[in-house]
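For reference, the structure is listed below as structure tokens.
The values are calculated or read from the model by the stated rules, or taken from the named source; none is laboratory data. Predicted model only: the values in this text are computed from it and were never measured. Glycine also receives a Cβ, built like all others from the backbone with ideal geometry; neighbour counts cover every protein chain displayed. To get the accessible areas, we keep the full protein, side chains included, count just its heavy atoms, and leave off ligands, DNA and RNA. Shrake-Rupley method; radii C 1.70, N 1.55, O 1.52, S 1.80 Å.
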Amino acid sequence: MKMQKQLSRIACAAAFAAMAQGAWAQADIKIGYNSDMSASGSADFGVSALSGARQAAEEINAAGGVLGRKLVIVPRDDVGSPPKSIQNANELVDNEKVVAMLGGVNSGNMLAWLHIVQQKKVPTISPSATATEITNRYSKEPANYIFRVSMRDLDQITLLAAYAARATKNKKVAIIADTTGYGQQGAKDAAHVLGLYGITPVANEKFGPKDTDMSSQLNKIKAAGADTVIVYALADANGHLMRSQEKINYFPVTLGSWANLSPPFLRIAGPELAKKMIFTASITEDSTPQSRALYDAIMKKEGKLPTYVFAAHAYDSVKILAAAMTQAQSTEGEKVQQALDGLGKVDGVIKSYAPAFSKENHEALSYRDFRLVRWIDGKVVTVDDEVSRGIKPDELKQ
């Protein structure tokens with residue numbers, strides 16, 4: 001009898017513990033994160049963004065959480081596959097009951113599941129993917145649930161074209177891009193913006209995303225007399241492009257996107273060739289004391305951070321979502337979306353957003369927030385030369 005009572009007390013205690021644990025779990029505010037973190041050349045970006053999102057959540061929770069509740073990032077790896085990213089989105093929304101989402105690094109994957117969060121009214125921020133259509137797809141709807149804290153491709157090219165127009169000595173600029181949608185849209189945007197400066201590309205070459213020798217295309221560009229080249233492709237391909245430049249001893253001014261922030265570019269090109277590529281970024285780890293503090297905090301906790309910029313974007317995205325929930329005094333999708341459309345000032349690590357968004361504009365960053373950088377001695381540093389100093393924000397064309 002005594003044993004039976006003891007067992008009964010243990011069972012009751014376990015039941016109460018389970019109930020308490022369940023209540024706390026239900027009290028958590030869950031934000032989903034759906035990105036490649038293992039499969040493609042952009043996986044390092046996905047891993048870094050997750051680190052930034054988790055760091056923001058940790059700081060918010062240490063300060064009391066959101067509406068008195070704990071903020072939790074719920075990640076899913078889409079392994080670079082659109083079908084898997086769709087599956088992840090459904091699982092996060094329907095099973096995990098996330099109240100908001102962060103998008104992944106691959107624009108094509110994110111575009112594959114945007115309809116899910118739009119239809120189910122789950123506010124979503126892209127801290128990485130850059131395709132213009134991401135925020136435009138539902139811009140005509142009464143409520144657009146898709147936002148971005150990232151570097152839109154057209155905005156990056158706006159800065160690259162401005163540099164190209166000033167850097168070229170003979171007004172002969174060429175474009176080379178991979179054959180993916182990312183590369184070809186970038187090439188199209190580059191030709192358009194260069195045209196605003198009165199420059200028609202003397203060559204517009206393509207290569208396969210898995211190609212490792214672009215000598216043939218570069219020889220055609222060289223024969224056309226180009227002294228400046230805009231390249232739009234992912235990091236590993238860009239590394240092989242630099243190797244191909246070395247192979248034919250042709251080193252024009254070479255400009256690219258923030259894809260070159262990824263370690264595969266530095267690894268394939270090598271430190272000396274990597275220096276020759278100028279590319280875009282929104283922030284570096286040494287930009288401000290706040291930026292350095294974020295970098296140091298993640299490094300102390302995790303011991304590595306492949307691509308800091310993406311961590312910073314995701315960090316700010318979570319801060320913005322938390323501010324919107326606080327302003328709305330709710331985690332309900334419709335109310336948070338409305339708050340995002342009319343959000344007050346939010347201090348992020350990239351900048352102070354005042355405001356981050358409006359009903360008409362779901363882009364938190366623009367070309368005015370970007371900078372040109374390059375790899376020097378294994379670190380990404382801001383380009384400070386005569387050409388970059390001559391670029392005035394009010395003169396940029398788009």
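Values as computed for the structure displayed
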quantity: Scan of the range 45-74 for residues that are charged (D, E, K, R) and either open to solvent by less than 50 Å² (accessible area, probe 1.4 Å) or outside any helix (DSSP H, G or I) (or both), ordered by number; calculated: ARG69, LYS70
quantity: Count of the range 139-161 residues which are free of Cβ contacts under 8 Å to residues at least 40 places away in the same chain and closer than 18 Å to GLY103 by Cβ; calculated: 1
quantity: The range 268-291, residues that are under 25 Å from LEU365 (Cβ atoms) and not in a helix (DSSP H, G or I); calculated: MET277, ILE278, PHE279, THR280, ALA281, SER282, ILE283, THR284, GLU285, ASP286, SER287, THR288
quantity: Number of positions in the range 75-111 that are crowded, with 19+ Cβ neighbours inside 10 Å, of a type in the set (Gly, Ala, Ser) and over 14 Å from ARG148 (Cα atoms); calculated: 3
quantity: Count - residues of the range 188-218 that are in a helix (DSSP H, G or I), free of Cβ contacts under 8 Å to residues at least 40 places away in the same chain and surrounded by 19 or more Cβ atoms within 10 Å (Cβ to Cβ); calculated: 2
quantity: Search result, residues across the range 350-366 that are surrounded by 20 or more Cβ atoms within 10 Å (Cβ to Cβ) and within 30 Å of ALA269 (Cα to Cα); calculated: ILE350, LEU365
quantity: Selection status of GLU363, in contact with an Asp or Glu (Cβ under 9 Å, 6 or more places away or on another chain), of a type outside the set (A, V, I, L, M, F, W, C) and under 25 Å from ILE31 (Cα atoms); calculated: yes
quantity: Residue within the range 316-329 that is in a strand (DSSP E or B) and within 22 Å of GLN119 (Cα to Cα) present; calculated: no
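To keep it simple, each residue is scored yes or no on (1) within 27 Å of THR132 (Cβ to Cβ); (2) open to solvent by 50 Å² or more (accessible area, probe 1.4 Å).
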| site | (1), (2) |
| --- | --- |
| GLN290 | no, yes |
| ALA297 | no, no |
| LEU321 | yes, no |
| MET325 | no, no |
| VAL336 | yes, no |
